[in-house]
Each structure stands twice: as structure tokens, then as C-alpha cells.
1. From A:Gly109, A:Gly96, A:Gly80, grab the single residue that is under 17 Å from the mean Cα position of the chain (by Cα), at pLDDT 95 or above and at positive phi.
2. Starting from residues that are part of a loop (DSSP other than H, G, I, E, B) and in contact with a strand residue (DSSP E or B) (Cβ under 7 Å, 6 or more places away or on another chain), keep the ones in the stretch A:237-262 and report whichever is farthest from the other protein chains (Cβ to nearest Cβ).
3. Is it true that A:Glu134 is in contact (Cβ under 8 Å) with a residue 24 or more places away in the chain, at positive phi and within 21 Å of the chain's Cα centre (by Cα)?
4. Take A:Pro164 and decide whether it is surrounded by fewer than 18 Cβ atoms within 10 Å (Cβ to Cβ) and within 27 Å of A:Ile51 (Cα to Cα).
5. Can you pull out every residue in the stretch B:102-153 that is over 11 Å from the mean Cα position of the chain (by Cα) and more than 13 Å from chain A (Cβ to nearest Cβ)?
6. Going residue by residue through the stretch B:51-66, is there one that turns out to be within 14 Å of another protein chain (Cβ to nearest Cβ), within 26 Å of A:Glu236 (Cβ to Cβ) and surrounded by fewer than 18 Cβ atoms within 10 Å (Cβ to Cβ)?
7. Quick one: is B:Asp129 without any contact (Cβ under 8 Å) to a residue 12 or more places away in the chain and either surrounded by 15 or more Cβ atoms within 10 Å (Cβ to Cβ) or assigned to a loop (DSSP other than H, G, I, E, B) (or both)?
8. For the stretch B:24-54, which residues satisfy the criterion of being among the hydroxyl-bearing types (Ser, Thr, Tyr) and either out of contact with any Leu (no Cβ under 8 Å at 6 or more places or on another chain) or assigned to a strand (DSSP E or B) (or both)?
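The values are calculated or read from the model by the stated rules, or taken from the named source; none is laboratory data. If you're wondering where the values come from, they're calculated on a predicted model, not measured in any experiment. Counting neighbours? That spans all protein chains shown, and the Cβs are built from the backbone with ideal geometry, glycine included.
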Amino acid sequence: MTRTLLLTFSFLCSALLPPLAQAQQWPLPAARFEVEGRKSGYFYLGRQTQILEDDDFQNPGMFAVEAGSALWRKVEGEAGLSCASCHNNAAVTMKGVSARYPRFDAEKGGIINLELMINREREQRMKAPPLKYESEQLIGLTAYIGYQSRGLPRAIEVAGPAAPFYEKGKEFFFQRRGLTDISCAMCHDDLAGANLRGDVISQGQINGFPFYRLQWRSMGSTHRMFEWCNTSMRAEPYPYGSEEYLNLELYVAWRGRGLPVETPAVRK
Amino acid sequence: MVRLVLAIALLVAAGTAAFAQQQPAPRVIEVNTPPLVPYRIVGNTIPEPLTAQPGDPVRGKRVVTDATNGTCVLCHAMPLPEEPNHGNIAPSLAGIGSRITVPELRLRLVDAKRINPDTIMLSYYRLHDLTRVQQQYVGRTYWAAQDVEDAIAYLMTLK
């Protein structure tokens, strides 16, 4: 029995190790977390939290990456397919993908992010039900796919057909809202580095999402963080996956252009 | 070049003269947004208290240090060593009672944006011109009228 368990365990480990081993060189040198004044949230962390992110054996977000790795190979839906059936080895096929999301999507005529793209693939190709936004499965898959681009610079396209959506996202970022009557920009553009009580205000960059937030003791998507920020401002949030948050995600991603993908980042 | 300098000098002189002659009366704005207590803004002040009951500095200290409701120490340093982690976004409130009058402080707490529209300072007693307030806070203010008067009474003790 023990031997069977051990064998199963070692088999699982070997199944997991190849994609992990093929990832970008990690940790990155500290200088890579700042690009032309744009600073990753990593820059504002205490050293202990940075170490947590740097070390894959300590990073609690790696559990989500591993869960996503298993889901990548899991056959679901009427078409009898898994992600791997078409996309094979994620370390090769998904490398660089999350660095380009969110993006304009012609089929939708709007902005699509990684979460919604995974669900479209599930529905259209796998004939499987979409995963609930913020579910462990969807967080796992986005973390696993994001992880394949770790260390690569974010390259977000906002010209051409994406431009009007970028403008809407930017407008959201500068709009005062809620009972506090404060905009995203007032803190994250103007006050990054200052102390809000015991917290250091960051630039609000999203290059490490989905991320592990110590305060939540769990992973979270970009849209969960938007919701948290909005309600902290006592502003009515928008639903996960809403057009408002997709446009905002596009603007905020562009705002952090060139920053390395850090998925799964660890934040306070 | 000389002509340009002369022209500017003339303009400045004319402006100064006009200002000296007019001495415009301070702007007066009546604010009436029920169910809030109506008040009158005169220049950068609200001269009259919002409530008949005088401010209570002991209660006021509790109001301004309520961590669940926009406490001052989020952004300001305060002479309160027992409170951890004071913010450094805004000026220190040490000695505020010596630098400001009660009517000035009242407007700054009620609606600081009347003084500086771009300020990040919260408006603790205001309902108008807000965007997408979270449902559970619609129609509510950070503080009640008496909280404002109590907070003033406390802050004015910081000499």
C-alpha cells in the first residue's frame, strides 16, 4: 500500500516537473521589476514576501499552477478533449500567450481576457460547460497558462480596433467613484510608494495575476482585485467578466507594458 | 522685448489695482441636501455649528480614530502614539488646533473639495455629486452632524 502510494506520488511528481522545469529563469534580478518608471507590485513588498514569491517551493500560488497543470490534461465535455489534446505541451504552446492578454477579439467585437478565452475554448471546442469565474479550476488554468510566460515582458495592443475600449478603460481609471469619491489614478498614479496606514500604496500593476494574496489566504483574479478596490472605495463593483472590468483590465495591463509576467505573484 | 515687459508690468499693475479696489465679498453658498442638516459656506468656512449640542472632544477622539470609518490616521500623522502605522499621504495633524479656526476646520471636514476640488481628502458630511456609491452606503455620510462637531472639538485640542 505504502509502495503504491509512493509510486503514485513519484509518478505525479514526474508528470508535474517537466513544465515547471522549462519555465523562464526565476527569480528575476530585482532590476527587472521596474521598466521606465513602471513598477511591479513586487517592488513595494517587504523582503520576506518577495522571497515567498521568488521560491517556487514556498510560493503558495504554485498550488494553483499545479492544479491547472492537472486540469490542462483532463478530458472534459462532449467532444472528448482536454486542453492538451490540441495545445499539447503548454510550456511550448502557451509561452508568451498571457503576456498578450487581454486583447481585442474580432469574434466578440470587444475585449477578451484569459479567463473568458479559456471558457470560450471549453464551450466551443470541448463542448464543456464554462468554468465559474474565480472558481479554483479557472484560477488554476489561468495561473498555469500565465506561469508559462513568467519573466516575459507584457506586450498589450491598444491601437487599432482595441483603441475605443482602451479609452473606456482609461476613463474608468480616472473616474472618481464611491462614497470616498476617489479614482484609481489618485492613489495608484499620484501616491504610489506612500503609506496608507500600514500599507504601501503600489502602482496597481497586474503583471502577476492571477496572484496569491496573503490578506485573502487565497488566489485571486484581476477582476476580484478590481472588485476589492471598488468596495474599499465604497463604490458599487461590476460583475466579474463585465465589459467595464475588461476595458479597465486592458488599460491597466497597457499601463504596465514591458513589466515581466510574474504569475503567480504573491502580494500582501 | 522691452515693450513686452512693459506691457506685462502694466497688466500686473492694473490687476493689482482692481483687486485692491474691489475686495470682493466672500462667496456664500447655501447647501441643503436633505436629510443632512442645511449649512452655509462663507468663503472657506462654515461659521455656524451643524448641531445645537456643543462638540464633545472625548467622543470626538473616538470618531476620528474609528478604524472602520475613514480614520484620520489612514492618511495623516497624529500625536497619538498608541495608534500604530500612521499614514503619510497628508500633512500631520499635530498642532492643527493652533493653525486653523473652527469655521475653517468645519468646512474641511464637511466637504474639503469646496476648498480644493482635486483633493483626495474625504468629505465626511456630503451627499451630492457622487458617482456609483456602493448600494449599502447610498444616502449615508461618513459622519453624522454631531460627529463633525465632536471631531472639531477634539482636533482643536491638538495645539
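1. Numbers: A:Gly109 fails: under 17 Å from the mean Cα position of the chain (by Cα); A:Gly80 fails: under 17 Å from the mean Cα position of the chain (by Cα).
Checking each option against the conditions leaves just A:Gly96.
2. From the stretch A:237-262, those part of a loop (DSSP other than H, G, I, E, B) are A:237-242, A:256-259, A:261-262; that's our starting set.
Those left that are additionally in contact with a strand residue (DSSP E or B) (Cβ under 7 Å, 6 or more places away or on another chain): A:256, A:258-259.
On the way: A:Gly256: 22, A:Gly258: 28, A:Leu259: 25 Å.
The extreme case among them is A:Gly258.
3. Details: in contact (Cβ under 8 Å) with a residue 24 or more places away in the chain: yes; at positive phi: yes; within 21 Å of the chain's Cα centre (by Cα): yes.
When the stated conditions are applied, A:Glu134 passes them.
4. Numbers: surrounded by fewer than 18 Cβ atoms within 10 Å (Cβ to Cβ): yes; within 27 Å of A:Ile51 (Cα to Cα): no.
No.
5. Listed by number, the residues that qualify are B:Ala144, B:Ala145, B:Gln146, B:Asp147, B:Glu149, B:Asp150, B:Ala151, B:Ala153.
6. Within the stretch B:51-66, the first condition is being within 14 Å of another protein chain (Cβ to nearest Cβ), and the residues that meet it are B:64-66.
When the remaining residues are screened for being within 26 Å of A:Glu236 (Cβ to Cβ), the result is B:66.
From what is left, the residues that are surrounded by fewer than 18 Cβ atoms within 10 Å (Cβ to Cβ) are B:66.
Yes, the conditions are met somewhere in the stretch B:51-66.
7. On the way: without any contact (Cβ under 8 Å) to a residue 12 or more places away in the chain: yes; either surrounded by 15 or more Cβ atoms within 10 Å (Cβ to Cβ) or assigned to a loop (DSSP other than H, G, I, E, B) (or both): yes.
So B:Asp129 passes the test.
8. Restricting attention to the stretch B:24-54, the residues satisfying the condition of being among the hydroxyl-bearing types (Ser, Thr, Tyr) are B:33, B:39, B:45, B:51.
Passing the criteria: B:Tyr39, B:Thr45, B:Thr51.
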